[in-house]
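The structure under discussion appears below in the form of structure tokens.
Read-outs throughout are calculated quantities, based only on the coordinates presented, and are distinct from any laboratory measurement. What you see is a predicted model, and the numbers here were worked out from it, not measured in a lab. Cβ sites come from the backbone with ideal geometry, for glycine too, and all protein chains shown count toward neighbours.
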Amino acid sequence: MNFSHVGPRLRSFSPILLCGALLFAEGDPKALVRDLIGNIEDPARGMLLARGSVERVRAAGLPTLTYLVRELSKTKNVQVRLRLLTVVHAVISEAAAASATKKIKLSDEIFQVLDGLVAKKDESFVTRYWVTKSFRHVSNKKMVETLSKVLQEDEVKETLQIMAIRAIGTERSGDDILVKYAQSYSFRLREAVCDSLKGAKTKQILGVYFQGLIDSNVLVRQAAIQALIVHTGDPKGYNPQALPDINENWPPIKRWYEWMQNERLHWKPEDQVQFFNCPVPEIRRKVCKSFAGADRPEVLFTLFTALLDRDEYVREEAVSILESRENAPPRHDIRAAPEKRRPTEIAWAKYVQKEVKKWDWVPQARRSSSSAKTVICEALGGLKQKRVARFLYYMILDSDVDVRTAAINGLNRYRPADSGFSFNPEGTDRERRNALGPVHEWLKENQKNFADP
């Protein structure tokens, strides 16, 4: 066996590349890849031969990567491309597993080809999926930028979104991007966010963990407590199998809230917003108290939702702060029956909408109670502002039928001259999904008639 060309590699290459060099002592990496392509493209030679050449290329390791990716960029054959991508993923993931950091850096040439395949919206789902899966083992900040754009695509499949979240989570520079998806309607995305943020500890990320503890889905709750145990080693009596809205299960939630507040992270009033939609009334009252003197949009919105709280003492804390504001609506009787409180609740919703002129209602409302979302829909329906129309559109996706009803009624006020949208808020999931398209298209076509503020 001839090892004469290995000497220079001993001085300039990593141990992984050295192993690859030894494997190629009697072979040419380019020839190996060409043999793989030939076996796949020639049906007469049979798939068994192709499988054999796949294993040879995979075993050869990183030195084959350049040739694999070059062939990947040239081939139009779907079968060849898919097989090449699976081999690329295997080579990258196995090299990463053998490295000290569990991640590898790719050359600019290789990364640009792979990055380009993910960035193209019209590229096949399978191609984008396998490249994104490979990116979980790659260290490159540009990868975070590309995958964040993938997450923003309206039509991207949930499976690809989950893979993108998990890949971004391997780079701490992408944590702020992931936090945005902690309020997703998909529990699978919320679970992926909690898993991907594991090990980090900022004010926002602790808020994500806390939201996970009180999530309606057990898988999200389990992901959240596993992420928190990394920091304490102690679940503090929390059981993810227990429903968080049952008062017998509140003590562990209170203990986690107190632990987070005691962390030296310089909590500000606006940071407390993420703790308000908690089933424990005592925590909601503490959050309201922390808002005294604060004037941030998210604080004002949360105080408004506190006016609709099911706990009388929470409503009392909120009204004591809100009624001191300039041009506040008429006095709100927190002890009146719900139907008696509705007129001033709607007045307060309109007040908040005017006070925060360029604020997006959607992210905050997703954490709010159904009653708060219903009141906002009733108060703002028909108001021709882009942010209001966007809010109403997202609310017809809500899990609560009363919220969906109020949202579609609000959207129908944009179309007084015809019969409105054929969206039945009480229909089945499939019926509602089928009716979403016309609503989305109408709003898209008519957005020029809506104001920006």
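Ordering 213-219, 125-131 by mean Cβ neighbour count within 10 Å, with the highest value first, yields 125-131, 213-219.
Sorting the segments 328-335, 373-380 by their mean number of nearby beta carbons within 10 angstrom, highest to lowest, gives 373-380, 328-335.
Dividing the alpha-carbon radius of gyration of the range 360-453 by the rule-of-thumb value 2.2 N^0.38 Å gives 0.99. Working ranking of peptides 413-422, 140-149, 434-443 by packing, defined as the average number of other Cβ atoms within 10 Å per residue, highest first, is 140-149, 434-443, 413-422. Put in line by how crowded their Cβ is, counting other Cβ atoms within 10 Å and starting with the fewest, C194, C278 read C278, C194. Based on DSSP H segments of at least four residues, each scored -39500 (n - 2.57), the chain has a per-residue ellipticity at 222 nm of -19000 deg cm²/dmol. Cβ crowding within 10 Å ranks T170, T428 as T428, T170, fewest other Cβ atoms first.
Using equal-weight Cα scatterers in the Debye expression, the normalised intensity of the range 199-267 in log10 at q = 0.16, 0.20, 0.25, 0.26 Å⁻¹ is -0.48, -0.75, -1.18, -1.27. Take every pair of alpha-carbon atoms less than 8 Å apart whose residues are at least six positions apart; their mean separation over the length of the range 186-319 yields a relative contact order of 19 percent. Plainly put, the range 139-258 has a radius of gyration that is 1.00 times its Kirkwood radius, both from alpha-carbon atoms, as the Rg/Rh ratio.
In the calculated pair distance distribution of the chain, what percentage of Cα-Cα distances lie above 34 Å?
47
Give me the net charge for the shell around P252: Cβ to Cβ below 15 angstrom, other residues only, Lys and Arg +1, Asp and Glu -1. Here the count lands on -2. Here the alpha carbons of the range 268-340 define both size measures, Rg and Dmax, at 11.5, 35 Å. Between the amide H of I104 and those of V138, S139, distances stay under 5 Å, these residues lying 5 or more places away or on another chain, with hydrogens modeled in the peptide plane.
Annotation note: trypsin sites (Lys or Arg not before Pro) in the range 212-264 located in DSSP loop regions with a Cβ neighbour count of at most 14 within 10 Å are R264.
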